[in-house]
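Notes to accompany the following structure.
Rule-based calculations on the coordinates, nothing more; no lab input. None of the values given here were measured: they were computed from a predicted structure. Don't worry about glycine lacking a Cβ; one is built from the backbone with ideal geometry, like all the others, and counts go over all protein chains shown.
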Amino acid sequence: MTPLLSVRNLRVAFPTRSGLFEAVRGVSFELGRERLGVVGESGSGKTMTGRAILGLVRPPGRVDADRMALSGESILNLPERRMRRLRGARISMVMQDPKFSLNPVMTVGRQIVEGYRLHTGVSRAQARDKALEMLAAVQIRDPERVFHAYPHEVSGGMGQRIMIAMMLAPDPEILIADEPTSALDVSVRNEVLRILDRLVRERGMGLIFISHDLNLVAQFCDRVLIMYAGRVVEELPARDLHAARHPYTQGLLNSLPRLDRPVERLAVLQRQAGWRDAPPEGAA
Amino acid sequence: MVQPDMLDQPGRDGPPPAAGAPSGRAMRLGRRFAGVALSLVLTLLGLLLVTFVIGRIMPIDPVLKVVGERATQAQYDAAYQAMGLDKPIWQQFLRYMAEVLRGDFGRSISTGHAVAQDLRRVFPATLELATLGTMIGVLVGVPLGVVAAARRGGWIDQVARVVALVGYSMPIFWLGLMGLLLFYGILGWVGGPGRQGIVYDGMVPTVTGLILVDSLVAGDWAAFRDAFSHIVLPAGLLGYFSLAYISRMTRSFMLEQLSAEYVVTARVKGLSERRVIWGHAFRNILVPLVTVIALSFGSLLEGSVLTEIVFSWPGIGQYITKALLAGDMNAVLGGTVVVGTCFVALNLLSDILYRLLDPRAT
């Protein structure tokens, strides 16, 4: 079976005054109808990997790979016009903070309808019905009212649910969730995750869940990629995360405080220059 | 601003649908505009106070200006009393306010007419020029700034930069003279100095004082063409200057918005670049853009003295400058009140526009 998404040796680089900055240096993975977690520190290339898949790395940034294919057909450096037809329709993305990722001067309804109509070409009334249906699907009690609300009139958690509704309306096959709960309250976080999980399962989608929260990813995902300095250092099933073999992953795990095993001092993450270029541990 | 009833609890997503909202909204709007109107009145009062004080502390004796150098002491005293200068200062201010509200700014010494009458003549000339200039500045400057931001570093951006730089740095009187020399003197494409050719002077009945409008009202196409050929060069010059400013400001506003997250969202949705720029980012710069345009329009309404002098344009800038040089305080203060009122009105207008353009404005 061809995977939904297959990425081999993805590289993203930006020319800077002091030479080429390589944000992503040879990332390979495959995504099926599963929840794939991508974990790493900030600057490890998680976000850029997501943007590169969507073709959203703006010049002068450069994207290069041996292979990047969506259901078997190559999407590497497609012309912008063809990439636009994939974006939103087949691959979509939810970003970190709905306060910034929703357009402040447009009503929620218009923002949902806009993307949906673009890819389906349905009438205004049909798109409206779909938007209300999607708002209901993310458990918004009064979709009619929220449809006419502006983003500043809803809370963060509701904003993120709106974002999910908007991005899932055109029925994409893959959703990239880039730190979708980092800007939310802990109490709201689980709610949003549950909705996201249910919708992704129901639709049989592939989910790339980018996060820096190891525990969250361990609970929520099927498989985890650990990234360091633009590379995947380890790949393993989420349930085996505690048995990680790579010293970087172990270091990350050891630097988390645990209620059941209190320690005098938390371990400090030690980084080694050798990790930058060593081949990844585990399944790959 | 999160309302407490919208806290994130599924099943309690918010207050019951605000069915009675329209009347509540109307009330809120009404109260808001009442507040704006109050601040408007206070601002105008402040403006009058300032012009009044300036009129009193200027080392120019208003009585002497009226009675002349050779008046006797008795004549001087009579005029002094007639002008109310013997009264307490607050009474003088009340009298001044009453006069201004009646549209009475006194008599201008240099023209011999009532200042109000002079202003009715010179202000429309400036208004016409400033409006046309601002229209050019907006219609060219805004798209230029948006495109320059969208293609940052591209050739359009470079051209826009040079155009704006030249606009900033060229002295306007020089450009004006060169323009007259080339387009009027050599090519004969446009009319010469002044608002109208000598043949058409006073031929169109005055309705608004804007000759372009008046000639259209009268249905006089020849007069319209003539007035247009006279205004096109000075308006083009002023337009070029406001274009330089507006395009640079538009560009920087757009750059800020284009790096915002919601722009990424719009791109993720698969929108075309045109819709991302004009449908999403551009709508978010409208509020600051309105301020910039209003300020630029206001500064043109002050009258661009150099342009008016080069083009013999009988506008308010020239009028006030001449009056100031002649120590004609009535004319100066009258003109100042008119210009100040324009600024206040423009502020009010942009305030109203903010509220229409930005749903977050309260």
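Between B:TYR168 and B:SER312, what FRET efficiency follows from the Cβ-Cβ distance if R0 is 30 Å, with the result rounded to 0.05? In this case the efficiency is close to 0.75.
Relative to the globular-protein estimate of 2.2 N^0.38 Å, the Cα radius of gyration of the range B:119-357 stands at 1.14. For chain A, the relative contact order is 23 percent, taking Cα pairs closer than 8 Å that sit 6 or more residues apart in sequence and dividing their mean separation by the residue count. Cross-link partners for A:LYS130 among the lysines, with Cα-Cα distance under 23 Å and sequence neighbours closer than 8 places in the same chain left out: B:LYS269.
Straightening the chain between B:VAL36 and B:PHE228 buys 65.4 nm, computed as 0.36 nm per residue apart minus the Cα-Cα spacing.
Couplings 3J(HN,Hα) for the range A:103-114, derived from phi with the Karplus relation 6.51 cos²θ - 1.76 cosθ + 1.60 (θ = phi - 60°), are 6, x, 9, 10, 5, 3, x, 4, 5, 6, 4, 4 Hz, where x marks Gly and Pro. Selection among B:THR206, B:PHE173, B:ALA331 by position relative to the dipole of the range B:119-357 gives B:PHE173 as farthest towards the positive end (Cβ unit charges, Cα centre). Between helix B:73-82 and chain B there is an angle of about 30 degrees, using the helix long axis and the longest principal axis of the Cα atoms. With the Kirkwood sum run over all distinct C-alpha pairs, the range B:39-102 has a hydrodynamic radius of 13.1 Å.
Per the Debye formula on identical point scatterers at the alpha carbon atoms of the range B:277-362, with no solvent, log10 I(q)/I(0) at q = 0.19, 0.20, 0.25 Å⁻¹ is -0.85, -0.89, -1.15. Of all DSSP bridge pairs formed entirely within the protein assembly as shown, close to 55 percent run antiparallel. Out of every Cα-Cα pair that chain A contains, those further apart than 34 angstrom amount to 22 percent. Spin-label model, A:SER187/B:MET203: points 7 Å from Cα along the beta carbon direction are separated by 7.9 nm.
Close amide H contacts of A:ARG67 (hydrogens built in the peptide plane, cut-off under 5 Å, sequence separation of 5 or more or a different chain): A:ARG8. Couplings 3J(HN,Hα) for the range B:235-243, derived from phi with the Karplus relation 6.51 cos²θ - 1.76 cosθ + 1.60 (θ = phi - 60°), are 5, x, 5, 4, x, 4, 5, 6, 4 Hz, where x marks Gly and Pro. Remark: spin-label model distance B:GLU273-B:MET83 equals 6.7 nm, labels positioned 7 Å along the Cα→Cβ axis. Convex hull volume of the Cα atoms of the range B:74-173, normalised per residue: 193 Å³. Applying the Karplus relation 6.51 cos²θ - 1.76 cosθ + 1.60 with θ = phi - 60° to the range B:117-126 yields 3J(HN,Hα) values of 5, 4, 5, 4, 8, 7, 5, x, 4, 5 Hz, where x marks Gly and Pro. For the range A:64-190, the square roots a ≥ b ≥ c of the C-alpha gyration tensor eigenvalues yield an a/c of 1.5 or more together with a/b not exceeding b/c, which makes the shape oblate. Remark on A:GLY40: its backbone amide H falls under 5 Å from those of A:SER211, A:MET227, a criterion applied only to residues 5 or more positions apart or on other chains, H modelled at 1.01 Å from N. In this simple spin-label model, placing a label point 7 Å from the Cα along the Cα-to-Cβ direction at both A:ARG203 and B:GLN73 gives a separation of 9.8 nm.
Bridging of B:LYS322 to lysines at a Cα separation below 25 Å is possible for B:LYS65, once same-chain residues fewer than 8 apart are set aside. As a size descriptor, the averaged projected area of the C-alpha convex hull of the protein assembly as shown was calculated at 41.8 nm².
Quick check: Cα centre of the range A:101-171 to Cα centre of the range A:200-238, how many Å? Between the Cα centres of the range A:101-171 and the range A:200-238 lies a distance of 27 Å.
Centroid-to-centroid, using Cα positions, the range B:176-213 and the range A:9-78 are 63 Å apart.
Taking a cut-off of 15 Å between Cα atoms, list the aspartates and glutamates near A:LYS99, but don't count ones fewer than 8 places away on the same chain. The qualifying aspartates and glutamates are A:GLU153, A:ASP178, A:GLU179, A:ASP185, B:ASP8, B:GLU261. In this structure the amide hydrogen of A:SER92, modeled in the peptide plane, comes within under 5 Å of the amide hydrogens of A:ILE174, A:LEU175, A:ILE176, none closer than 5 places in sequence on its chain. Using Cα pairs under 8 angstrom and six or more residues apart, how large is the relative contact order of chain B, in percent? Computed value for chain B: 23 percent relative contact order.
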